[in-house]
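Encoded as structure tokens, the structure appears first; notes follow it.
The values are calculated or read from the model by the stated rules, or taken from the named source; none is laboratory data. Note that the structure is predicted; figures quoted are calculated from it, not measured. Because the Cβ atoms are built from the backbone with ideal geometry, glycine has one as well, and the counts that use them run over all protein chains shown.
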């Protein structure tokens with residue numbers, strides 16, 4: 001339980017319990033006493049009596065999570081126990097159970113933060129948090145309702161590099177001060193060198209993005225890298241080094257992020273040209289602080305003494321970061337000497353997960369102007385904010401320093417400010433609701449440096465108690481019961497209203513699941529019975545899934561919230577306890593394959609048969625039938641004179657047709673004109689139409705009349721007949 005072994009059977013020796021597992025689900029009870037509250041994790045390991053019975057040892061593990069309510073539990077994260085001592089004592093005096101830790105000593109996953117009702121960050125910089133801790137705490141506040149109280153200091157809010165982080169969206173103040181504040185900007189140039197480590201390009205881009213996110217829009221940023229094509233080009237004097245991002249204002253960061261995506265991470269042989277180029281670019285900026293960050297595995301040659309002198313003359317600090325590669329001890333000493341000679345710092349990194357924090361920390365060194373100190377100001381308190389954490393408190397004591405931030409706007413409330421004579425006072429105490437949780441920000445410290453007058457203030461303990469209790473996660477609803485379960489790769493959520501109020505049937509629910517990687521999945525609950533609602537969601541990853549359900553009755557502002565968890569101890573593929581031999585045999589049989597027992601050769605063709613693939617011919621038959629139908633119609637309806645297709649001489653059209661008659665008439669006129677005849681004959685020369693002339697005998701020597709002569713004679717007879725009919729009519 002929660003990492004501690006428990007005795008399941010005190011009556012026997014050892015801590016385990018001997019049992020037999022029947023088929024199906026089995027339940028064994030083990031009474032446990034809970035002290036305090038929070039999240040309790042359970043892990044059970046099943047060890048078979050015979051090793052030969054183990055099919056898959058990966059699924060011999062079961063795990064679960066339980067939420068235990070108790071007195072308010074507070075997690076106080078600090079980097080200096082002495083500086084956070086006053087606030088820790090004040091919270092303990094108020095009856096809260098305080099756990100005081102440093103960020104490096106906690107696991108910092110979602111299940112850890114979900115076990116507390118309030119998390120207090122006392123002067124915590126962003127570089128002390130990993131990316132996973134940043135995301136986990138943000139989800140714990142916005143989705144699970146955990147409260148967040150952020151206390152200032154010289155490494156808090158924007159001065160601590162929180163700009164652009166996940167938690168920056170949870171703070172009730174803006175880590176970026178208003179543009180009306182005249183703040184001297186800084187300038188940073190990053191020299192990106194190839195790092196021969198796993199996922200080297202990914203980490204190179206990630207550290208550059210982390211530094212860019214931390215800078216203010218008024219700061220300057222640039223990136224230099226080595227390009228082999230530029231190195232081989234003739235006429236260049238930069239030895240292959242070039243500006244991927246020339247020195248410019250950060251602005252909206254779009255140009256800087258685009259440059260990080262274009263990095264090629266060339267393996268430069270020498271540091272001198274790149275650092276010399278970066279120093280020249282920084283010297284042209286009006287920045288108050290100038291810095292170069294070099295990330296490398298250490299194998300390039302160190303910069304020359306001349307380049308080091310140029311950096312010192314232009315007030316440029318060089319910080320070097322060496323990652324695990326093939327660099328030697330001499331390379332490490334050279335990179336460390338470069339940082340010391342220019343007033344920078346040297347970092348030796350074995351775990352690449354620490355790289356973003358280093359770049360964030362170094363980037364914040366050029367923005368110390370976000371700290372306002374050296375003057376004593378009495379804060380103003382905004383009255384009339386009913387229901388806030390400052391209700392009933394008198395005027396606040398003076399402060400001597402704070403972190404410059406901007407008002408969040410929207411639903412955020414500014415309870416107290418510091419008026420320095422400018423247009424708007426700087427935020428000192430602000431609060432708002434961030435999703436399901438509440439967040440409070442105090443931009444001064446806990447009372448050791450800037451607010452030391454507060455420690456002797458009679459209302460000091462009451463002040464911190466009110467801030468803590470207002471932002472703490474409220475207790476879960478007693479009128480709603482949640483049951484969670486898992487079916488395969490789906491998570492099941494059931495809600496039941498256990499009160500007798502008829503209005504319970506009209507509740508409206510909002511449900512969300514948060515996965516192990518911080519992914520957020522909305523759950524739609526539908527009513528499946530009287531006072532019962534049910535929903536499901538996909539379990540895409542193994543690990544702990546948290547479920548938060550908020551119910552609200554019509555016309556009521558109060559929210560009833562219940563929490564649950566589903567634990568997936570191993571990936572879904574390990575749930576299969578037996579192989580499916582029947583299915584494998586069916587696949588081999590249907591594909592004409594073989595069943596191998598382990599002794600056969602996989603590449604032999606013995607026992608294999610050629611696979612026949614039968615395809616339906618119905619589509620082809622339809623096409624052939626359509627073609628035959630068209631051919632049948634053509635044969636029946638079309639008459640083709642096949643002899644004329646192969647005849648080469650000209651065939652005249654028959655006179656019975658209109659074309660033939662037109663051709664005969666034109667031939668007759670042409671012949672008549674050739675003979676000088678007007679195209680007709682006298683009537684007297686023709687025999688009577690009623691008389692029948694005897695055919696004249698033809699001799700063998702008489703020539704046969706040509707077709708043209710017969711056509712002309714026929715035409716003359718027709719003309720004579722026509723004239724005769726006209727005379728009779730007259």
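Report, by residue number, each residue of the stretch 161-174 that is in contact with a helix residue (DSSP H, G or I) (Cβ under 7 Å, 6 or more places away or on another chain) and under 18 Å from residue 250 (Cβ atoms). If the condition is that a residue be in contact with a helix residue (DSSP H, G or I) (Cβ under 7 Å, 6 or more places away or on another chain) and under 18 Å from residue 250 (Cβ atoms), then 161, 162, 163, 164, 165 are the ones that fit. For the stretch 444-456, the count of residues that are out of contact with any strand residue (DSSP E or B) (no Cβ under 6 Å at 6 or more places or on another chain), within 23 Å of residue 121 (Cα to Cα) and surrounded by fewer than 13 Cβ atoms within 10 Å (Cβ to Cβ) is at least one.
Let's see how each residue does on (1) under 23 Å from residue 169 (Cα atoms); (2) at pLDDT 85 or above; (3) in contact with a strand residue (DSSP E or B) (Cβ under 8 Å, 6 or more places away or on another chain):
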{"site": "370", "(1), (2), (3)": "yes, no, yes"}
{"site": "379", "(1), (2), (3)": "no, yes, yes"}
{"site": "398", "(1), (2), (3)": "no, yes, yes"}
{"site": "411", "(1), (2), (3)": "yes, no, yes"}
{"site": "423", "(1), (2), (3)": "no, no, no"}
{"site": "428", "(1), (2), (3)": "yes, yes, yes"}
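Name every residue in the stretch 393-402 that is loosely packed, with under 14 Cβ neighbours inside 10 Å and in contact (Cβ under 8 Å) with a residue 60 or more places away in the chain, in order of residue number. 394 - this is the single residue of the stretch 393-402 that is loosely packed, with under 14 Cβ neighbours inside 10 Å and in contact (Cβ under 8 Å) with a residue 60 or more places away in the chain. Remark: pairs (first residue in the stretch 258-287, within 12 Å of residue 191 (Cβ to Cβ); second residue assigned to a helix (DSSP H, G or I); Cβ separation under 6 Å; 6+ apart in sequence or on different chains) = 265/201; 265/204; 266/228; 272/307; 275/307; 276/307; 279/310; 279/311. Please specify each residue of the stretch 403-443 satisfying the condition of being in a strand (DSSP E or B) and without any contact (Cβ under 8 Å) to a residue 24 or more places away in the chain. Answer for the stretch 403-443, where residues must be in a strand (DSSP E or B) and without any contact (Cβ under 8 Å) to a residue 24 or more places away in the chain: just 433. When the residues of the stretch 49-66 are filtered to those that are modelled with pLDDT of 80 or more and out of contact with any helix residue (DSSP H, G or I) (no Cβ under 8 Å at 6 or more places or on another chain), the one that is farthest from residue 147 (Cα to Cα) is 60.
Check the stretch 344-361 and report whether any residue there is modelled with pLDDT under 85 and closer than 30 Å to residue 420 by Cβ. Checking the stretch 344-361: at least one residue is modelled with pLDDT under 85 and closer than 30 Å to residue 420 by Cβ.
Residue 353 meets each of the listed conditions (1) part of a helix (DSSP H, G or I); (2) touching a residue at least 40 places away in the same chain (Cβ under 8 Å); (3) surrounded by 14 or more Cβ atoms within 10 Å (Cβ to Cβ) apart from (3). Listed by first and then second residue, the pairs with beta-carbon distance under 6 Å, at least 6 apart or on different chains, first residue in the stretch 213-230 and under 22 Å from residue 370 (Cα atoms), second in a strand (DSSP E or B) and at pLDDT below 85, are 219/186. Selection of helices (runs of 4 or more DSSP H) fully inside the stretch 242-339 by the criterion of at least 3 residues being assigned by TED's automatic domain parsing to the domain that holds residue 188 and over 18 Å from residue 192 (Cα atoms) returns 305-313. Of all the residues in the stretch 429-458, those that are closer than 24 Å to residue 80 by Cα and over 36 Å from the mean Cα position of the chain (by Cα) number 14.
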